[in-house]
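The values are calculated or read from the model by the stated rules, or taken from the named source; none is laboratory data. Quick caveat, the model's predicted, so the values are computed rather than measured. Using ideal geometry, Cβ is built from the backbone for each residue, glycine included, and neighbour counts are taken over all protein chains shown.
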């Protein structure tokens, strides 16, 4: 026994301490508990892994029987195989860094203890998700991280857009969870167990399904679940809105860990998926469509966090594409490298936003290179990693995916390469707009809350309007001198994690993860290594950077001319393909309208209230007649008694009397 | 055992009792003065007492006597309380007419 249960227990303790007593604790104690428990968890992961390596077979620990019903036996069971080991390291490692960062980023926020309590709770559920050795325990973590995501998106709960975004994330995820639940039921019916090893062992015996059968249905339903959690088309709409949450949350939950749970689950179920080629094709197509759509939207957005949110969706699409073509190892590789550079991009964006006093619109930035050189330096590492500059971490995983895709379908490959170019373009665009050229913030009076573009009415500010006043005051005290004009560098607790992540983004790819994962994943066919594929992939990335440089540095007037020329098409992409509007029109509005006119006014107000009120008014009506007997006059009562007595006597007399 | 008195049939007692009770009941309904109504109640009670005693005598048991004593005790208590209530009502409302004392009405 390696006491695996301690890994999620540490953050749970942190959650309980901060959640129950945090209100009374000083901020330093809250930070210590929050960061300390996650770091403890990370160290325990390291100790455990060093003890149980090389992990050719899973290390399983059974604690108790959870559900025993008929033939179904579901134990409380944690297991570590190489797949879990990778996820554990990513979750606790990046989690620790982001916790450290958050102590700086959230330093002046109200609800400091609440934030860290939620964040620790998230760590607990995420670790349960990756450690659980059956689908049901995974599902517990799955739902738990969804809950924490909801709580943290709506962290600024006084701001309407934040609580709406939280609701949206939760409700859209319900659709996915519905699919996941159905998939679990079918797995129980088919395999009589939910334990991963047993399911996979049996699934390996099943013949490959070339027509739609049980395996295909299970996999398609699992895909629905994964699409909800990992923001794949058509359930991607919640992730951009989730940027309402504080930036560390965006980095940890909505970029590095939770949203990759869908990919993890798909890889976990790889053996089943391999038996259902139709479902695999569906996974690949969903991934590809997501990658293309999100990347194109990313080119048009002005809010720095929105750009990275669409970038996340697009990269997740890449991972699904990889899983769909059977390249589960590269998919997980991309999960890891993406966790490095996307967490870094978000944290860096957070540092930029912090230094700009909560300005998120890139049109008001520019030239920040001079003011915040450390942030720029670290972000540049993430930039070249996501753009796929050779020998960075992103390049390795992306080339692995592209290679596998080419052997599956050259058409998909070329679309994916094009998307890689678009990816490089939009990231470079955001970097050029933010860090190069002249600083455009000074033109905006008292940088911050007032100069936003009007057309974007989704709040793109970390802060609720309700806390705005307080916030302004806090900043006026804290950065009195610097507040009006100059951006300022973030403190060490913020750029320290950035530096670590920057190093990982650059060198993180040299570790051949797919090879490491081979014992944990079903054997994949090895494809011939073709050098020209890598040259094309690398060229696409560099080309994207060059185009962005031309458009945003060399000839800054070009983008406007181009958008004017594109007109309607640009508007369509800028409006995120109007998917939200389509959902509003087809689902949300009919649902709200139907609820309002039928369920509320018809059923509730009409029928149910009608019944209750009807009972009342009937009683009143009957009472209205009965009240005429109640005269208050004693003699009347006497008369009634007399009449009653006479009536009884008469009845008895007619009936023959009492014998 | 003393020699049997000349026989008065049970029916005679019961008829007297019924007449007394009817007088009381009708008086209760038609008279307006609370004290008169109260006296009517006493009349009804005593009519019942008479029939109890008559039955007791007829059947040669003491049950009827016992009931009669109970009724007398209750009637005494009722007279004490009832007259006190009537006095209080008169003090407060300055009337003893039952028709005027109808504030229990809805």
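Only one entry of A:55, A:88, A:25 meets the criterion of being farther than 29 Å from residue A:378 by Cα and touching a strand residue (DSSP E or B) at 6+ places or on another chain (Cβ under 8 Å), and that entry is A:55.
Taken over the range A:375-390, the residue count meeting the criterion of being more than 27 Å from the chain's Cα centre (by Cα) and either part of a strand (DSSP E or B) or more than 18 Å from residue A:488 (Cβ to Cβ) (or both) is 2.
Filtered by the rule that a residue be in a loop (DSSP other than H, G, I, E, B) and within 22 Å of residue A:161 (Cα to Cα), the range A:231-267 gives A:231, A:234, A:235, A:236, A:237, A:245, A:246.
If you go through the range A:632-654 and pick out every residue that is more than 12 Å from chain B (Cβ to nearest Cβ) and surrounded by 13 or more Cβ atoms within 10 Å (Cβ to Cβ), you end up with 0. No other residue among B:103, B:22 is loosely packed, with under 11 Cβ neighbours inside 10 Å, closer than 27 Å to residue A:630 by Cα and within 14 Å of chain A (Cβ to nearest Cβ) apart from B:103. Annotation note: Cβ proximity below 9 Å between a residue of the range A:102-123 that is more than 18 Å from residue A:153 (Cβ to Cβ) and a residue that is assigned to a loop (DSSP other than H, G, I, E, B) (sequence gap 6+ or interchain) occurs for A:104/A:490; A:104/A:491; A:107/A:491; A:113/A:25. Scanning the range B:32-46 for residues that are at the interface with another protein chain (Cβ under 10 Å from one of its Cβ atoms) and either within 12 Å of the chain's Cα centre (by Cα) or without any contact (Cβ under 8 Å) to a residue 12 or more places away in the chain (or both) turns up B:37, B:40, B:41. Exactly one residue out of A:564, A:540 is part of a helix (DSSP H, G or I) and surrounded by fewer than 15 Cβ atoms within 10 Å (Cβ to Cβ), and it is A:564. With respect to the conditions (1) within 14 Å of another protein chain (Cβ to nearest Cβ); (2) surrounded by 13 or more Cβ atoms within 10 Å (Cβ to Cβ); (3) in a helix (DSSP H, G or I), residue A:628 lacks only one, and its number is (2). Here residue A:153 qualifies as under 17 Å from the mean Cα position of the chain (by Cα), surrounded by 24 or more Cβ atoms within 10 Å (Cβ to Cβ) and within 19 Å of residue A:243 (Cα to Cα).
Table: residues versus (1) over 21 Å from the mean Cα position of the chain (by Cα); (2) farther than 18 Å from residue A:515 by Cβ; (3) buried (at least 24 other Cβ atoms within 10 Å of the Cβ); (4) at pLDDT 90 or above.
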| residue | (1), (2), (3), (4) |
| --- | --- |
| A:338 | no, yes, yes, yes |
| A:363 | yes, yes, no, no |
| A:373 | yes, yes, no, no |
| A:392 | yes, yes, yes, yes |
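Consider residue B:83 carefully, then state whether it is surrounded by 14 or more Cβ atoms within 10 Å (Cβ to Cβ) and in contact with a helix residue (DSSP H, G or I) (Cβ under 8 Å, 6 or more places away or on another chain). Criteria not met by residue B:83. Yes or no: residue A:603 assigned to a helix (DSSP H, G or I), more than 10 Å from chain B (Cβ to nearest Cβ) and within 60 Å of the chain's Cα centre (by Cα)? Here the answer is yes, as residue A:603 does meet what is asked.
Quick check on residue B:97: is it within 14 Å of chain A (Cβ to nearest Cβ) and surrounded by 12 or more Cβ atoms within 10 Å (Cβ to Cβ)?
Spelling it out, it is not the case that residue B:97 is within 14 Å of chain A (Cβ to nearest Cβ) and surrounded by 12 or more Cβ atoms within 10 Å (Cβ to Cβ).
Exactly one residue out of A:651, A:577 is in contact (Cβ under 8 Å) with a residue 60 or more places away in the chain and in a helix (DSSP H, G or I): that is A:577. For the range B:81-94, the count of residues that are at positive phi and either more than 13 Å from every other protein chain (Cβ to nearest Cβ) or in contact (Cβ under 8 Å) with a residue 12 or more places away in the chain (or both) is at least one.
The combined condition, being touching a residue at least 24 places away in the same chain (Cβ under 8 Å) and surrounded by fewer than 19 Cβ atoms within 10 Å (Cβ to Cβ), is fulfilled by residue A:192. Condition check: outside any helix (DSSP H, G or I) and more than 14 Å from chain B (Cβ to nearest Cβ). Does residue A:582 satisfy that? No, not satisfied.
Condition check: out of contact with any helix residue (DSSP H, G or I) (no Cβ under 9 Å at 6 or more places or on another chain) and at pLDDT below 95. Does residue A:205 satisfy that? When the stated conditions are applied, residue A:205 passes them.
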